[in-house]
Amino acid sequence: MADLSNKTALITGGASGLGKAITTRYLHANATVIICDINPSRIEEAIFQLSALETGTLRAYTVDITSLDAVHGLFTKIRDEFGPSAPDILVNNAGIMDRFDPVGDLDPGLWDRVMKVNLTAPFWLSKLAVEGWLAGEKEGCILNIASVAGKVGLAAGAAYTASKHGLIGLTKNTSSFYLNRKIRCNALIMGAMETNVSDAFHAGINQEGYQKMEALMKATGTALCNVDEVADLCAYIAGGRGAELVNGAVINVDRGWGSVMG
């Protein structure tokens, strides 16, 4: 079992889905958890539900992580309360899906939005976290929630696929550059889960793209991943016994689906 006592963790998209499951697990591991989400109603619901837990400490903020000013403001709040090197752990969980459009059909505005949320925001959050750790000569841990779309071509549309490939590249570069500074960076290659990431494409979905992905899932008989089990894995990577040995790992969490797809 991971023990995250005396650790602060920032979890983006922490008010629902996998982010909320990770938040719950980190609180049970006695961490101080700061969550941010763009949806104020989800934040309110999360505060109501998670405040009842008799473990850890929770802070929650409504933040648009595509706004650099908002991200700077979030870090200012965190560091004013918890110190100049906080948080100790950053989980880049927030993400949005595209609509399975290939490049020829893709709206440039959707491309920009997906890139801002899925790749540019993790870059800015990671940059600010790393700057604090380096200045304070502190250990740090980044966990990027990637996707099977980050290593194969038919699991999503062009925007989401490119963003998650980029996130894996960011993970590898960060881990390799700071490996002698006690800053770790790992990524989970997630398979299909029951989360709100799919909210964005219930309307206007590209049927051809979606059906290609669906056919592959049916052919492999792949079951959905349980978010609570994934959250346990996230807690281990952050503070389990031997976790300090895990750096630069790109871990398949997809029941083998990505291996079948290539």
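Binned at 10 Å from 0, what are the whole-percent values of the Cα-Cα distance distribution for the chain, short to long?
7, 32, 38, 19, 4, 0
Which pairs break 18 Å Cα to Cα here: Lys127/Lys172; Lys7/Lys164; Lys7/Lys182; Lys138/Lys182; Lys20/Lys77; Lys77/Lys182?
Values: Lys127/Lys172 14 Å; Lys7/Lys164 28 Å; Lys7/Lys182 15 Å; Lys138/Lys182 7 Å; Lys20/Lys77 21 Å; Lys77/Lys182 25 Å.
In this structure, Lys7/Lys164; Lys20/Lys77; Lys77/Lys182 lie more than 18 Å apart at Cα.
May I ask for the net charge around Leu128, where only other residues with Cβ less than 15 Å from the Cβ of Leu128 are counted and Lys, Arg are +1 while Asp, Glu are -1? Let's see the in-between values first.
On the way: positive: Lys77, Arg79, Lys127, Lys138; negative: Asp69, Asp80, Asp88, Glu131.
Result for the neighbourhood of Leu128: 0.
Along Cα→Cβ, 7 Å out, is where each label goes; now give me the distance between the ones at Gln207 and Asn226 in nm to one decimal.
A separation of 3.6 nm, rounded to one decimal place.
Going highest first, how would you order 47-58, 175-186 by mean Cβ packing within 10 Å?
On the way: 47-58: 13.2, 175-186: 16.9.
Packing proxy ranking, top to bottom: 175-186, 47-58.
Give me a comma-separated list of calculated 3J(HN,Hα) values for segment 55-62, in order, Karplus coefficients 6.51, -1.76, 1.60 applied at θ = phi - 60°, integers in Hz, x for any Gly or Pro.
Once θ is set to phi - 60°, the couplings for segment 55-62 become 9, x, 10, 10, 10, 9, 9, 7 Hz.
Defining a contact as two alpha carbons under 8 Å apart and six or more residues distant in sequence, what relative contact order in percent does the chain show?
22
Sort Met115, Met97 by Cβ crowding within 10 Å, fewest neighbours at the top.
With the sparsest Cβ surroundings first, the list reads Met115, Met97.
Dipole size in debye (nearest 20) for the chain around its Cα centre, Lys and Arg Cβ +1, Asp and Glu Cβ -1? Write out the running numbers ahead of the final one.
Details: 22 positive and 27 negative charges, 134 e Å.
Dipole about the Cα centre, nearest 20: 640 debye.
As a check on your grasp of the helix formula, calculate [θ] at 222 nm for the chain: sum -39500 (n - 2.57) over DSSP H runs of n ≥ 4, divide by the residue count, round to the nearest 500. Write out the running numbers ahead of the final one.
Details: 9 runs with 114 residues, N = 262.
Calculated from helices alone, the mean residue ellipticity at 222 nm is -13500 deg cm²/dmol.
Between Ala192, Ala29, Ala135, find the one with the highest GNM mean-square fluctuation for the chain; connect C-alpha pairs within less than 10 Å.
Ala135
What is the sum of charges, Lys and Arg at +1 and Asp and Glu at -1, for the other residues whose Cβ falls under 14 Å from the Cβ of Ala29? Before the final figure, lay out each step's value.
Values: positive: Lys7, Arg25, Arg241; negative: Asp3, Glu54, Asp88, Asp228, Asp232.
Taking every Cβ under 14 Å from that of Ala29, the sum is -2.
Bear in mind these aren't lab numbers, they're just calculated from the coordinates by the rules spelled out. In this text the structure is predicted, and so the values were computed from the model without any measurement. With ideal geometry, Cβ positions are generated from the backbone for all residues, glycine too; neighbour counts draw on all protein chains shown.
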